[in-house]
Every structure is written in C-alpha cells, then in structure tokens.
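Novice: Submitted below is the structure of interest, expressed as structure tokens.
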Amino acid sequence: MGHVERKKRDQENIRASILNAAINLAKSEGWSAVTIRKIAEAIEYTPPIVYEYFKNKDDLIHEIIIYGFQKLRQMGSENLLKTSDPKEKLLALSLVHWDFSYEHRELYQLMFSLERPLPNDEAEKGAQLLKDIFGEVTKRSNREIDILIFNWVCVLNGTISMIMQFDKPEHPLQEKFSLTSRELFMQFMQRFIDSITH
C-alpha cells in the first residue's frame, strides 16, 4: 500500500472513530452531552483534529443522521430480499424500523427528532422504495400513495415512540397485553397494512 492510500485509509478510520465516539457518548450521556472536546478525549486526539473533519457539532450531528438513514436503508434492502410478497415486504420494512429503533435507540431518536430536518437526499432514496412497495400493495394513484406513505410513517414512528415510552422494566407491556413489545408493534403495523389493502 502506497503513502497516499495509507493516508486516505487513516483519515477514513479517524472519521469513523469520531462518529462512533459521538454515538457512544450519546448512549451513555445523551446527545446534549456530546461535545467536540469529549469526542477528542474519547479518540485520544486533540479537538483541532476533530475540527479537521467536521466544522462544528451541528455538522457532525448531520453526518451521524445521514449515517443512520443509510444504515436503516441498508437493513431494509437486505430484508426485502427475503420475500416477494408486497404485504410481507411492507411488514418487513416496518419491523426493520422497530429493530433499528431498539438496537440503535439514541441514533433513532436523533434521526427522527423534531429539532432537526430529515436529510433530503437520504429521504428521497427511501421514498422511492416505499412508493414502489405501496404501489404493489394498494394499486392506487401516486397522490393516494403519498398520503398512505405519510400515514404509515406516522403510525410507525408514533407506535415506536409510545411503546418505548410505556415499556418500562418495572411495568413491562408484556404483562399487560400478553405480547412482547415487538409483537405488539407488529400487530399495530399488520392492522394498518390490512386496512390499506381492503
């Protein structure tokens, strides 16, 4: 490996370590506690090194949100390969959101925060995939499909948020509903999917 390739690889590694350090700090202390200084300490560099890669904390957070949407879209694409049935694809995509939200809770909360706009490029990439699936499931016009996608996103994120809020270790929802949180979510999403296909 030549000098240029090694330098590029090292830069990519530092950039990735900055992103990972920010996410790990958020897991342990919350997003408000993430600072450039703490990130620099976590990766054992000085703050000016972090600023070589990101202009400021907002720039870093924006990059993390894009990373989150790319990861979510990748997980969705992998799961769509497992079935050819459009309704099953839509349920699979719903469950990908659920699994992602529980595996990457802090990242999911940041991605869908009211304080930050969705990254347009990433949103558009996911939107076309959804339009195709909703078109297969419902056989409706584009305008109707846009409304249904909006409804799906509202049901999806609202249900995830409410289950996260109410499913506490001291009072698990499973005791109340005799279903795991994931099963409860799946039931909500299955009802929604059934409602748009009748």
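Novice: Along the positive direction of the dipole of region 1-124 (beta-carbon charges: Lys, Arg +1; Asp, Glu -1; about the Cα centre), which of Ala16, Ile61, Val96 reaches farthest?
Specialist: Result: Ala16.
Novice: Okay, next question. Report the longest stretch of the chain that contains none of the trypsin sites (Lys or Arg not before Pro) sitting in a DSSP loop with at most 14 other Cβ atoms within 10 Å.
Specialist: After excluding every exposed loop site, the longest remaining stretch is 141-198.
Novice: Something else about it: Any chance you could get the radius of gyration and Dmax over the Cα atoms of the chain, in Å?
Specialist: Cα only, the chain: 19.6, 62 Å (Rg, Dmax).
Novice: What is the total of Lys pairs in region 49-198 with C-alpha atoms under 16 Å apart, excluding same-chain pairs fewer than 8 positions apart?
Specialist: Here the count comes out as 7.
Novice: Counting only complete DSSP H runs, which helices of the chain cover 15 Å or more along their long axis at the Cα atoms and score a mean Kyte-Doolittle of -1.0 or above? Mind showing how you got there, number by number?
Specialist: Details: long enough: 3-29 (38 Å, -0.94); 57-80 (34 Å, -0.37); 86-103 (25 Å, -0.16); 120-138 (26 Å, -0.58); 142-166 (35 Å, 0.88); 181-196 (23 Å, 0.02).
The qualifying helices are 3-29, 57-80, 86-103, 120-138, 142-166, 181-196.
Novice: If you place +1 on the Cβ of every Lys and Arg and -1 on the Cβ of every Asp and Glu, how big does the dipole about the Cα centre of the chain come out, in debye to the nearest 20?
Specialist: Working: 26 positive and 29 negative charges, 36 e Å.
Its charge dipole is roughly 180 debye.
Novice: Compute the longest continuous run of the chain that contains no exposed GluC sites (Glu not before Pro); treat a site as exposed when its DSSP state is not H, G, I, E or B and it has at most 13 other Cβ atoms within 10 Å. Working shown, then result.
Specialist: On the way: sites that count: Glu44, Glu115, Glu170.
With a cap of 13 other Cβ atoms within 10 Å, the longest stretch comes to 45-114.
Every number in this text was worked out from the coordinates using simple rules, so none of it is lab data. None of these values were measured; they are calculated from a predicted model. Note: ideal-geometry Cβ built from the backbone for every residue, glycine included; neighbour counts use all protein chains shown.
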